[in-house]
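Everything on this sheet refers to the single structure shown next.
The values are calculated or read from the model by the stated rules, or taken from the named source; none is laboratory data. The shown structure was predicted, so the numbers you read here are calculated from the model rather than taken from an experiment. Cβ placement follows ideal geometry from the backbone for every residue including glycine, while neighbour counts extend to all protein chains displayed. Remember, those area values only see protein heavy atoms, side chains included, never the ligands or the DNA or RNA. Shrake-Rupley method; radii C 1.70, N 1.55, O 1.52, S 1.80 Å.
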Amino acid sequence: MRLLRHTVGACLAATLGCRASETPPTPDTARHDPSALTVALVDSVPYENELTNGFLRRVEVRTPAHTDTLLGILVDARPVVLGDSVVHGIRAEENLFVELFTYDARTRRTRTFPTPADWVPHAVPKLAPDGRHVAYLAQDAQGQGHGAVATVPDGRVVYRGPPATMLETDAGVDAITWTDADRFEIRIDLTYQVGGTQRLRGTLRPLRVDVDTLRPLPAR
């Protein structure tokens, strides 16, 4: 058992084990107007270390004029297309989410951006449907967890929730969903001493977040 302030090795073991897959995933393509930009996940790039193994994917961007496979970019989840020329995503290294990136089809350039300083790389962040924000699990110097939202790709934090003493477990403690480009929900499982789950339900425009605690059902 561990809190996230425990050793990095223990943290990695859980997340790697949860996300590892035995067979490569099938190609995943986002199709829009055939005259506009589209994104496809191609190849299955295996990784293996002393803890686990799995697969990441390369990103292929197609326009009517050209097709580019983004150099140095591997992902765990499909990036998001903005309009007809821009792609936003999260670069992964094995089980870790390490950078934000953007690709501009007009210049055919990919740029990477650092994640926020409190970003937990072995948790599972989620991009908003419009790709302009990312919700993620943050951790402070005391080892407390926080639900947070930042802009993409510059990583400017626009919301950071109250502290949560996270569950002592080797499994993931966070769950993130977006209802649409403005509405998000972040859940953080709480320590055994407290029990339950901290839930943050918010909107970005205007910024408003409701925080409550979901208690576990009583044992039968």
Please compute the length gained on full extension between LEU51 and ASP130, using 0.36 nm multiplied by the number of residues separating them and subtracting their Cα-Cα distance. 25.0 nm
For VAL152, which sequence-distant residues (separation of 5 or more, or a different chain) have an amide H within less than 5 Å of its own amide H, given hydrogens modelled in the peptide plane? HIS133, VAL134
What is the extension gain from ALA141 to THR203, computed as 0.36 nm multiplied by their sequence separation minus the C-alpha to C-alpha distance, in nm to one decimal? 19.6 nm
Where only protein heavy atoms count, and the probe is 1.4 Å, what is the accessible area per residue for segment 104-210 in Å²? 48
Leaving out ligands, DNA and RNA, what percent of the accessible area of segment 73-220 is carbon and sulfur, probe 1.4 Å? 49
Taking every pair of distinct Cα atoms and averaging 1/r, then inverting, what Kirkwood hydrodynamic radius in Å comes out for segment 86-211? 15.0
Note, segment 198-211: 3J(HN,Hα) by Karplus (6.51, -1.76, 1.60, θ = phi - 60°), whole Hz, Gly/Pro = x, goes 6, 10, 10, 10, x, 10, 8, 10, x, 6, 8, 9, 9, 10
At 0.36 nm per residue, minus the direct Cα-Cα distance, what do ALA175 and ARG106 gain on full extension? Give it in nm, one decimal, please. 21.3 nm
Virtual spin-label span in nm between THR63 and ARG156, 7 Å along Cα→Cβ: 2.6
With the dipole of segment 62-181 defined by +1 on each Lys or Arg Cβ and -1 on each Asp or Glu Cβ, the option from ALA135, LEU82, HIS122 whose Cα lies farthest towards the positive pole is LEU82
note: segment 45-113, Cα-Cα separations exceeding 16 Å make up a percent value of 46
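Given charges of +1 on the Cβ of Lys and Arg and -1 on the Cβ of Asp and Glu, with all other atoms neutral, how large is the dipole of segment 75-140 about its Cα centre, in debye to the nearest 20? Could the numbers behind the result be given before it?
Working: 8 positive and 9 negative charges, 75 e Å.
Using only the charged Cβ atoms, the result is roughly 360 debye.
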